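Comments concern the structure below.
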Amino acid sequence: MSEFKLADTMEISVIQAKAIIDKFFKAVPKVEKFLTSLGNLGKSRGYIRTAPPYSRIRWFEQWQYAYETKDFKILGEIERASKNTPIQGINADIIKQALIDVQEEIYLNNWDVKIILAVYDEIQTECIESQSILWKSKLDELMVGAAKKVLIEVPVVVDCSIHDFWQK
């Protein structure tokens, strides 16, 4: 996010937010270089992709107009979306794959489990108490497995928990 968004989110000054961002990129310069290349790629071709194996495309409808007229406001929006889409898209790809894997596991192995809700990077399920510990372990395994199909070289950890009520 920009220093303006960070300042607003953290309720700090823009100068403080900019210092935080600069410190972050100084610690991980390859991330800044990667994000810059994504932003430039989206601005130069009018679309951006998520990572393999899915490689979904996000088209920027106003790209040709912005590119031809040098509309820097729209090009800035495309740049920001080009930086964000692959990262958010990887998460979306993982959770979709995990939902497929979880449903397949439930069906093939006759688990008494229902998928209740999927939000961002979370899958909430419901099962009988006697299966909860075993199911938690299986859900951990399925979620990590789904992530490894996309994030081949990045270690993945999940945080599953058991509750007898919905937890915020």
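Under 14 Å from a point 7 Å along the Cα-to-Cβ line of K114: which residues of region 123-141 have their amide N that close? Inside the label zone: 124-129.
Give me the number: length gained by fully extending I162 to K136, i.e. 0.36 nm times residue separation minus the C-alpha to C-alpha distance, one decimal in nm. The span from I162 to K136 would gain 8.6 nm if fully extended.
Using a cutoff of 8 angstrom between alpha carbon atoms and counting only pairs six or more residues apart, the relative contact order for the chain works out to 15 percent.
In a reduced charge model with +1 at each Lys and Arg Cβ and -1 at each Asp and Glu Cβ, the chain shows a dipole moment near 920 debye about its Cα centre. Among K43, K83, K23, the largest mean-square fluctuation in a Gaussian network model of the chain (Cα springs under 10 Å) belongs to K23. Across region 5-11, coupling constants 3J(HN,Hα) worked out from phi with the 6.51/-1.76/1.60 Karplus curve, θ = phi - 60°, read 5, 4, 4, 5, 5, 8, 6 Hz, and Gly and Pro carry x. What is the helix-to-structure angle for 14-27, meaning the angle in degrees between its Cα long axis and the longest Cα principal axis of the chain, kept from 0 to 90 and rounded to the nearest 10? Around 70 degrees separate the two axes.
Here the 3J(HN,Hα) profile of region 142-151, calculated from phi with Karplus coefficients 6.51, -1.76 and 1.60 at θ = phi - 60°, is 5, 5, 5, x, 5, 5, 5, 6, 10, 9 Hz, Gly and Pro shown as x. Going from the residue with the fewest nearby Cβ atoms within 10 Å to the one with the most, D93, D101 rank D101, D93. One way to sum up the overall shape of region 89-161 is the equivalent ellipsoid from its Cα gyration tensor, whose semi-axes run 21, 12, 11 Å, largest first.
Hey, which of these cross-link pairs are over 21 Å Cα-Cα: K5/K83; K114/K148; K26/K149; K33/K148; K96/K136? Distance filter (> 21 Å) returns K114/K148; K26/K149; K33/K148.
The spacing between region 110-133 and region 1-49, judged by their C-alpha centroids, is 36 Å.
Can you tell me what percent of all Cα-Cα pairs in the chain are more than 22 Å apart? For the chain, the fraction of Cα-Cα distances above 22 Å is 59 percent. Computed from the Cβ-Cβ distance with R0 of 35 Å, the FRET efficiency linking E32 to Q124 stands at 0.50.
For region 126-139, 3J(HN,Hα) computed residue by residue from phi via the Karplus equation (6.51, -1.76, 1.60; θ = phi - 60°) reads 10, 8, 6, 4, 5, 9, 4, 5, 5, 5, 4, 4, 5, 5 Hz, glycine and proline entered as x. In the chain, the DSSP-assigned H stretches of four residues or longer account for a calculated mean residue ellipticity at 222 nm of -20000 deg cm²/dmol, using -39500 (n - 2.57) per stretch and the full residue count as denominator.
Bear in mind that the values in this text are calculations on the coordinates, not laboratory data. Bear in mind that the values here come from a model prediction, so they are computed numbers and not experimental data. Reconstructed Cβ throughout: ideal geometry from the backbone, glycine too, with neighbour counts over all protein chains shown.
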